[in-house]
Each structure stands twice: as C-alpha cells, then as structure tokens.
Amino acid sequence: MAEKNLSKADFYTSIVLMVFGITAFVMARQMPEVYDRGGQGPFSAPGLVPSILGIVISSLGLVLFIRSLVRTKGRVGLSGLSFKSVAGDTGTLRIIATIVICLCYVFLLGKILFPLLTFLFIFAFIVFFEYDRTIPFRQQIKKLLIAALVAILTSATVSAVFRYLFLVRLP
C-alpha cells in the first residue's frame, strides 16, 4: 500500500476497531454477574476478560485514530476514490476474509460439533491464506494435506484441553 494511503487505511481501521471494542465491552457487561451464579468473587465473572479486551481494543483504535489525524494534519482526504483504494488493497481483503471466517465460526458454534467446527475453521483459514490459484491443483495437494493434518491435530488438542483440563462442556 502506498505511504499516502496508510494514514487513510489507519483512519478506517481505527473506526472499525473502536466500534468493535466498544461493542465487545457492552456485550461483556451484559453477561450475568458472578453473584447471580454463585461465583467466588469479582475475578470469576465471565465477562471480565472480554470487558478488558474491549477496553484495550477500543483504546488502541483511538490511538490509531489520533495518529492518522496527526500524520495528515487533520486532512485525511476522505473520498470515494480513497475508500476504493483502501478497500481494494490485498491487506484489506485479507482482513475482511479473516473477519468473515471468524464470524462464520462464531455463528456456527453450538450448531455443529465443536471438534468438527474447529477443524473446518482451521482448515478453511489455512487453505484460504496458503492456496495459490496460479499453481495447478496437483502441485498443491501436499499443502492441502498438511492443512488437514494441522487442523485435525489442533482441533483434537483444543477439544481435549477444554474438555479434560479446563472441564468445560463443549457444544
């Protein structure tokens, strides 16, 4: 991405990060309080970590927002053309793909068995970022097999750790 477009990309990204962080914080605060469920103290509240993460993400988004404004001296130069150049960038498309894959995982959680969904998530993620359309399929079979192996091992490990170490019932 060209240097002049970095401040614009930072500007757009900062707005998304601030909205995401604030949304995460608000949703975490709506989780049941620890005392409603017979908890042991304020640090066992289920919304504590998401609240902290929401604050951190929105704070870093604010820093990025201010930095983009300082770099451009308040003249970010927003226009339809600048938005198209940022939105059409390969990095931006990768971020959007990451968000879409993660949202699919979140929305399917509980509807598909956890180990299977985790396998599909990891496999799709690896294939999306490693598969090269310009190379023939036959030359990439090894890459797909490695992606499947990594997805199987990771899914099994994550499932086992949550089920047997953390004693969490998985959907």
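The values are calculated or read from the model by the stated rules, or taken from the named source; none is laboratory data. This is a predicted model, so every value here is computed, not measured. Reconstructed Cβ throughout: ideal geometry from the backbone, glycine too, with neighbour counts over all protein chains shown.
Of the residues making up the range 131-171, those that are modelled with pLDDT under 90 and either within 20 Å of the chain's Cα centre (by Cα) or among the aromatic types (Phe, Trp, Tyr) (or both) are Tyr131, Phe137, Phe162, Tyr164, Phe166.
Summed over the range 112-149, residues that are outside any helix (DSSP H, G or I) and touching a residue at least 40 places away in the same chain (Cβ under 8 Å) total 1. Listed here are the helices (runs of 4 or more DSSP H) enclosed by the range 1-102 that have at least 1 residues being among the acidic types (Asp, Glu), at pLDDT below 80 and not assigned by TED's automatic domain parsing to the domain that holds Asp132: 3-29.
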